[in-house]
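The values are calculated or read from the model by the stated rules, or taken from the named source; none is laboratory data. What you are looking at is a predicted structure, and each value in this text was computed from that prediction instead of being measured. We place every Cβ from the backbone using ideal geometry, glycine too, and count neighbours over all the protein chains shown.
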Amino acid sequence: MGMPRLAVALRALALPVAALLAVAPSAPAQGKPEPKAPKEFVALGDVDPTILQEIRYFTPHNFTGDPVDGYRRPMCLLTRPAAEGLHRAQRQLLRRGYTLKVYDCYRPQRAVNDFVEWAKDLSDQRMKGEFYPEVDKTRLFEDGYIAEKSGHSRGSTMDLTIVRLPALPTRPYVPGEKLMPCYAAKKDRFPDNSVDMGTGYDCFDTLSHTLDPRIKGAQRANRLLLKGTLEKLGFVNLAEEWWHYTYKPELFPDTYFDFPVSRRSLTG
């Protein structure tokens with residue numbers, strides 16, 4: 001990619017982020033001071049501002065149907081080595097006409113607790129039609145879709161995809177709108193400027209398994225492009241989720257943090 005073309009592409013990257021940043025952050029809870037992030041945590045945008053960020057759990061467009069507890073800002077926080085690893089991957093992908101886009105990065109324990117409480121409430125099926133159309137909600141724990149601990153809370157795990165440049169904006173989800181299954185054809189699923197990965201993000205279905213043999217052609221090639229790029233740089237994929245990667249070795253392999261996702265949480 002030549003420099004003038006690259007400059008145009010980088011300007012385009014800012015457009016999908018603007019709508020998310022315009023959303024007012026939720027107010028922090030009153031009472032005792034919030035925990036802070038260790039100095040090893042950084043904002044991904046400070047390390048590489050060209051990587052798109054569509055932080056789904058800050059919005060109601062996720063499997064719970066509500067913004068998730070602990071997401072004060074739509075931003076990606078990671079340990080510095082993980083963020084720098086994504087920066088190296090981004091440099092490679094930009095030369096090929098793509099950009100990375102993260103859906104989620106560090107996830108506070110309170111967000112995981114929010115998921116657990118939602119999963120126990122069997123009456124709340126608002127988002128079933130999109131995110132788990134073929135899975136009974138009573139099986140979410142048994143099938144491994146929901147757990148009481150998440151590697152995201154350790155700070156080196158992220159959910160992400162690839163977007164072809166120039167990146168087109170993605171319209172916001174409107175609560176109550178008609179839902180389409182996450183494994184439907186790309187033209188029928190909720191719009192996402194991601195390349196076609198065969199399913200949408202956070203699709204509770206075996207089609208989300210990275211190497212599921214039913215995923216073929218361009219969809220498989222797109223998954224392998226993401227996988228091949230990241231694995232050469234020290235990232236490890238979770239086989240059940242094409243979007244889920246962890247940078248190894250982890251700085252905090254045994255610590256599950258609970259500081260909120262916000263600029264104020266950073267101590268560096």
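Residue pairs whose Cβ atoms lie under 6 Å apart, sitting 6 or more positions apart in sequence or on different chains, and linking a residue in region 162-182 that is in contact (Cβ under 8 Å) with a residue 40 or more places away in the chain and at negative phi to a partner that is assigned to a strand (DSSP E or B) and of a type in the set (Phe, Trp, Tyr), are Ile162/Tyr98; Arg164/Tyr98. Among the helices (runs of 4 or more DSSP H) confined to region 1-95, the ones with at least 1 residues that are among the basic types (Lys, Arg) and modelled with pLDDT of 95 or more are located at 80-95.
Evaluating Val116 against the criteria (1) surrounded by fewer than 20 Cβ atoms within 10 Å (Cβ to Cβ); (2) part of a loop (DSSP other than H, G, I, E, B) leaves one unmet condition, (2). Just to verify a result, which residue in region 161-176, among those that are part of a loop (DSSP other than H, G, I, E, B) and of a type in the set (A, V, I, L, M), is surrounded by the most Cβ atoms within 10 Å (Cβ to Cβ)? Taking the candidates together, the pick is Ala167.
To keep it simple, each residue is scored yes or no on (1) over 21 Å from Gly45 (Cβ atoms); (2) surrounded by 16 or more Cβ atoms within 10 Å (Cβ to Cβ); (3) basic (Lys, Arg).
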position	(1), (2), (3)
Glu134	yes, no, no
Asp143	yes, no, no
Asp159	no, yes, no
Lys178	yes, no, yes
Ala185	yes, no, no
Phe190	yes, yes, no
Met197	yes, yes, no
Leu207	yes, yes, no
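Taking the criterion of being out of contact with any helix residue (DSSP H, G or I) (no Cβ under 9 Å at 6 or more places or on another chain) and not in a loop (DSSP other than H, G, I, E, B), the residues of region 229-268 that qualify are Glu231, Arg263, Arg264, Ser265.
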